[in-house]
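The values are calculated or read from the model by the stated rules, or taken from the named source; none is laboratory data. Note that the structure is a prediction, hence the values are computed from the model and not measured. Cβ: placed from backbone, ideal geometry, glycine included. Neighbour counts: every protein chain shown.
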Amino acid sequence: MKADRHSFQNHLGVLSYNVYQGGKKKMLAFHGFGQRSESMSSIINALSYKYTIYAFDLFFHGESTWSDVEKPLYPEDWRGFLKSILEKHKIDTFSIIAFSIGAKFALSTLTLFPGRIQKIFLIAPDGIGINFWYSLATRFSLTRSYFKSIVRKPNRLSNLLYMLKAMRIIDRSLFRFASHYMSTEERRQQVYHVWTVFRHLNVSKADITLHLNDNNVMLSIFLGAYDKVIVKRNITSLLKRIRLHHLEIICCKHGQLLEKATELLVHS
């Protein structure tokens, strides 16, 4: 499906995105880690009969850039980027779809633009509940410094992963996942920048619940039955509080969810 390329730039960076002209309704799409806007193409094609979709390259992905890697992205910064884009395209109300780490942007958008969101579709969403390893690596300056040192000294990471595996703190699937995404210096830099710069885009379960219920927003979540990356108990504990929700458990792993969720989303 043909797309029109756009971007918005301010002193913080460049946010690049594709516009896929389709149905009358509007939808924002946020991809997962290590991907770019085109990674959502199967879902975009499936939903284009209903939505015109604005698919974003997250910062440090695709053509989007962040000017200062030591400066975190705050919710008010994200609001500034998105507000300008919504005004440019004259978008009033819209739905959101997000995969993995893209859910951080989806949930932040929910709280920053109350009353304007119609539906939210989250596939293996990151950012619901507190991830111990993410919090440990990014919360304190000392652990951030150690995390940064791993970028250029990968043996530190290997030793840590093997120790955690031996202690059965992580299983083989999660060990392989972490090893893959940290296998090159470029990937390690991307992980470091994404984790540290995005660290303030965390929305509490209480705030998620409040904004969804007060504005009657339908939340649909798609999880993989064999996904070792996303902790299902964080999701299910949230859904108990949400009035309008739908949960799909798909028999697949984390990396297969985009493809598997597509056929279900056609009927959403």
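Observations
- Selection from segment 211-266 of residues that are out of contact with any strand residue (DSSP E or B) (no Cβ under 8 Å at 6 or more places or on another chain) and among the small types (G, A, S): S237, G255
- Any hit, segment 65-75, residues being surrounded by fewer than 14 Cβ atoms within 10 Å (Cβ to Cβ), over 22 Å from W195 (Cβ atoms) and assigned by TED's automatic domain parsing to the domain that holds I123: no
- In segment 214-234, residue surrounded by the fewest Cβ atoms within 10 Å (Cβ to Cβ) [restricted to those that are of a type in the set (A, V, I, L, M) and touching a Gly at 6+ places or on another chain (Cβ under 8 Å)]: V231
- Any chance L58 is part of a loop (DSSP other than H, G, I, E, B), closer than 29 Å to G255 by Cα and touching a residue at least 60 places away in the same chain (Cβ under 8 Å): yes
- Qualifying residue in segment 29-41 (condition: within 20 Å of the chain's Cα centre (by Cα), assigned to a strand (DSSP E or B), closer than 19 Å to P125 by Cβ and modelled with pLDDT of 95 or more): yes
- Odd one out for T138, checked against (1) closer than 21 Å to W195 by Cα; (2) modelled with pLDDT of 95 or more; (3) in a helix (DSSP H, G or I): (2)
- Some residue of segment 102-112 being surrounded by 15 or more Cβ atoms within 10 Å (Cβ to Cβ), in the same structural domain as I230 (by TED's automatic domain parsing) and farther than 26 Å from L210 by Cβ: no
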